[in-house]
1. Can you give me the number of residues within segment 170-212 that are of a type in the set (S, T, N, Q), closer than 20 Å to W138 by Cα and in contact with a helix residue (DSSP H, G or I) (Cβ under 7 Å, 6 or more places away or on another chain)?
2. At pLDDT 95 or above and more than 19 Å from V84 (Cβ to Cβ): which single residue out of A161, A201, A186 fits that description?
3. Against the definition (closer than 25 Å to I145 by Cβ and of a type in the set (D, E, K, R)), how does D173 come out, yes or no?
4. Would it be correct to say that A137 is in contact with a strand residue (DSSP E or B) (Cβ under 8 Å, 6 or more places away or on another chain), of a type outside the set (S, T, Y) and under 19 Å from W53 (Cβ atoms)?
5. Residue by residue through segment 1-49, note down the ones that are hydroxyl-bearing (S, T, Y) and in contact (Cβ under 8 Å) with a residue 24 or more places away in the chain.
6. Could you list, ordered by first residue, the pairs with Cβ atoms under 9 Å in which the first is in segment 127-151 and closer than 12 Å to N91 by Cα and modelled with pLDDT of 95 or more and the second is surrounded by 14 or more Cβ atoms within 10 Å (Cβ to Cβ) and among the β-branched types (V, I, T), at least 6 apart or interchain?
7. Within segment 83-97, is even one residue assigned to a helix (DSSP H, G or I), in contact (Cβ under 8 Å) with a residue 12 or more places away in the chain and among the acidic types (D, E)?
8. Looking at L67, is it within 25 Å of Q180 (Cα to Cα), more than 21 Å from the chain's Cα centre (by Cα) and buried (at least 18 other Cβ atoms within 10 Å of the Cβ)?
Amino acid sequence: MNTTIHSEQLVHQLNWRYATKQFDPTRKISDRDWAALEQALLLSPSSCGLQPWTFIVVKDPAMRAKLQAASWGQAQIVDASHLVVFTSRLNLSESDLDAHLKRTAEVRGVAVEELAGFRSMMVGTLIQGMDVAARNAWTKNQVYIALGNLLTSAAMLGIDACPMEGIDRAQYDAILGLPQKNLASAMVATLGYRAATDKYAAAPKVRFPKEKVFIEI
């Protein structure tokens, strides 16, 4: 079955989306659409396929209220239908690489030993070739790939979203107990449906001309 969308649809939806400032708290994402967005996150690409992240979906209103206080009081945290906290793996280790290799062997029906060359490359690059600070920065950067995938996927479903870095990460980490899970918060995304009063919904997009952004060689 060919499920390819038209190029016009893609551009239209990307023009439609914006960083939603006001969500309608009465409108909720359907279970079916949310399941699709979860799959979009699961299918997000990452370097070496390592997926060095965990996505925390915060449903509890009391927890959301605590996180709003750690988000400079931004209303999206409590008004949006869904709140996702993107976290990255701290101090990626050889055991994390081995867990990925084991899963790869299971899914693809090969022996782990056949992946020895792949393992050697990852160890040399990510473990031996980086210190802890560099590895933590690398894993955090990977999370942004998943964020971008979620934003585009939501737009294609006609669901509003707002990526948010305006959070106190130390407070988020403490509230969610992330250090005990060897995780660190990176950013959040709120998703739902725009409020009719959000003046930014109709504001023209501000982008540099194509000639200033692309270079062809």
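The values are calculated or read from the model by the stated rules, or taken from the named source; none is laboratory data. As the structure is a computational prediction, the values presented were derived from the model and not from experiment. Cβ atoms come from the backbone with ideal geometry, glycine included; neighbour counts cover every protein chain shown.
1. Start the filter on segment 170-212 by keeping residues that are of a type in the set (S, T, N, Q), which leaves 171, 180, 182, 185, 190, 197.
When the remaining residues are screened for being closer than 20 Å to W138 by Cα, the result is 182, 185.
Next cut, in contact with a helix residue (DSSP H, G or I) (Cβ under 7 Å, 6 or more places away or on another chain) only: 185.
Going through segment 170-212 one residue at a time, the tally reaches 1.
2. Numbers: A161 fails: more than 19 Å from V84 (Cβ to Cβ); A186 fails: more than 19 Å from V84 (Cβ to Cβ).
Among A161, A201, A186, only A201 is at pLDDT 95 or above and more than 19 Å from V84 (Cβ to Cβ).
3. So D173 fits the description; yes.
4. Values: in contact with a strand residue (DSSP E or B) (Cβ under 8 Å, 6 or more places away or on another chain): no; of a type outside the set (S, T, Y): yes; under 19 Å from W53 (Cβ atoms): yes.
Taking the combined requirement at face value, the residue does not satisfy it.
5. We begin by selecting, within segment 1-49, every residue hydroxyl-bearing (S, T, Y); these are 3-4, 7, 18, 20, 26, 30, 44, 46-47.
Matches in segment 1-49: Y18, T20, S44, S46, S47.
6. R135/I127
7. Of segment 83-97, the ones assigned to a helix (DSSP H, G or I) are 94-97.
Pick out the ones that are also in contact (Cβ under 8 Å) with a residue 12 or more places away in the chain and you get 94, 96-97.
The next check asks that each one be among the acidic types (D, E); those that pass are 94, 96.
Checking segment 83-97: at least one residue is assigned to a helix (DSSP H, G or I), in contact (Cβ under 8 Å) with a residue 12 or more places away in the chain and among the acidic types (D, E).
8. Working: within 25 Å of Q180 (Cα to Cα): yes; more than 21 Å from the chain's Cα centre (by Cα): no; buried (at least 18 other Cβ atoms within 10 Å of the Cβ): yes.
When the stated conditions are applied, L67 does not pass them.
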